[in-house]
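> Dropping a structure here in structure tokens format, bear with me for questions.
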Amino acid sequence: MSDRALHLVKSWLWALVPLWTLGFGSAAAMAHAAVKRHSLRQALTLPLYLAGLCAVLMFDPDNGAREEFIFGVGMTLNMGIALVHAVAIRSWVFPAPRQQDGLKDQQQRALAAMRAAAQARAVARRMMDDDPDLARRLQIGRPDLPGREYPDGGLVDVNAVDDRTLATHTGLPRALVDRIVAVRRQVGRFSSYEELLLLSNADPRELDRVREYLVFGS
């Protein structure tokens, strides 16, 4: 059950206390509201419901019309009026945690998106190793090409993309990107991350932060 659904159930269970306790729990419910919301105005309603409870407990409707009337007034207070009162202030006593739930939902969506992207990268990497021709047709690692449909989690083929794409999609410093592209022209292609690191004479701290996004197509 989600936090929002649990909150809704708790608030309605409280609001219906006068009904499912036959009025005997009304005073306790109103006292709970006064304490929870630190409300003097709400606390001032307690004598009314306590008086109604005393009327129900002390007067037997079978003993005459007077006792029946007082008992009826007590029941009306603790069931009818208390129920209307509780339903009316339910959202005040149990304010909906909308902002908190919204933040939590946003965080969960962000985490789910990151995990999905990481899984997509892992699958695309395996495809590049197992079936490079298919990977090429699916344009894995080629964010510079239009019309791509296969989600690869943000991979960038260091051997294929231009300098602008490499800089934009990795966030690497422009000087390092220019050096990588210059070395690539000389050697033709990089066979691995280790070779890229060695030949480009890059600071490992700069490349390691984007290593999971780099692939090396044939």
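Values in this text are rule-based calculations from the coordinates and carry no lab data. In this text the structure is predicted, and so the values were computed from the model without any measurement.
> Taking a temperature of 37 °C and a viscosity of 0.692 mPa s, what whole-number D in µm²/s does Stokes-Einstein yield for the range 149-218 with Rh from Kirkwood over alpha carbon pairs?
Taking Rh from Cα pairs, D becomes 272 µm²/s.
> Once the Cα atoms of helix 174-187 and of the chain are each reduced to a long axis, what angle between those two axes, in degrees from 0 to 90 to the nearest 10, is obtained?
With rounding to tens, the tilt is 40 degrees.
> Work out from phi, with θ = phi - 60° and the Karplus expression 6.51 cos²θ - 1.76 cosθ + 1.60, the ³J(HN,Hα) of each residue of the range 103-119, listed in order in whole Hz, and give x for Gly and Pro.
Karplus values, whole Hz, x for Gly and Pro: 5, 5, 4, 5, 5, 5, 5, 5, 5, 5, 5, 5, 5, 5, 5, 5, 5.
> Considering the range 3-96, what Rg and Dmax in Å follow from its alpha-carbon atoms?
Answer for the range 3-96, Rg first and Dmax second: 14.3, 51 Å.
> Add -39500 (n - 2.57) for each DSSP H run of 4 or more in the chain, then divide by its residues: what number comes out at 222 nm, to the nearest 500 deg cm²/dmol?
So the calculated ellipticity at 222 nm is -19500 deg cm²/dmol.
> Whole-Hz Karplus ³J(HN,Hα) for the range 200-208, in order, using 6.51 cos²θ - 1.76 cosθ + 1.60 and θ = phi - 60°, x for Gly and Pro?
My calculation for the range 200-208 gives 7, 6, 8, 6, x, 5, 6, 7, 4 Hz in order.
> Averaging the inverse of every distinct alpha carbon separation and then flipping it gives the Kirkwood radius. What is it for the chain, in angstrom units? Write down the numbers at each step before the final one.
Numbers: mean 1/r = 0.0428 Å⁻¹.
So the Kirkwood estimate lands at 23.4 Å.
> Normalised by the residues of the chain, what does the relative contact order come to in percent, with Cα pairs under 8 Å and at least six apart?
15 percent
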